[in-house]
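K.L.:
This is the structure, below, for whatever I ask next.
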Amino acid sequence: MRRKNKILRQFLAALLLVGLFHACDFFKHTYPPPEPPPQTQILRIDIIPNDTLAPGDTATFRCVIADSLDTRFIFTWGIDKKNGTELIKTDTNSIQWVAPKNSKIYTHNVSVNNGSKDSTSVFQYFDVYVRE
């Protein structure tokens, strides 16, 4: 009888250990995976000739990134328009923009992505002032 009790206790202890290991594995997967690292870093947005324009003037927006020699990056420019934001994709780090007739602050943005699945794209807003 003692032998049966000892075997039963060992079996229950083993079953408890299996249950604990399974519970630990279950809890390990309940948290979302960490965010992947950024693909690059936007160092600055250059606005040439400057960030204050007259209506009809042309400006060049240039996005300077940390990995500027990597040719895989795609730049998606969000250009502020009268009816919303127009998205323009380029494989170069610059785009030209003609200032509209309306005087106001135009908020644009740029997103930089190299297509890698194990990292995230980077994003930055920038303002341009159009004044008469």
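The values are calculated or read from the model by the stated rules, or taken from the named source; none is laboratory data. Here the structure is a predicted model, which means the values were calculated and not measured. All Cβ positions, even for glycine, are placed from backbone atoms using ideal geometry, and neighbour counts span all protein chains on display.
K.L.:
When both residues are 6+ apart or on different chains and their Cβ atoms are under 7 Å apart, which pairs have a first residue that lies in the range 99-126 and is over 30 Å from residue 57 (Cβ atoms), and a second that is part of a loop (DSSP other than H, G, I, E, B) and modelled with pLDDT of 90 or more?
P.N.:
114/73
K.L.:
On to the next question. Among the listed residues 4, 28, 81, which satisfies the condition of being within 21 Å of residue 124 (Cα to Cα) and modelled with pLDDT under 95?
P.N.:
Unique residue meeting the criteria: 81.
K.L.:
Consider the range 81-102. How many of its residues are loosely packed, with under 14 Cβ neighbours inside 10 Å and polar (S, T, N, Q)?
P.N.:
Number of matching residues: 5.
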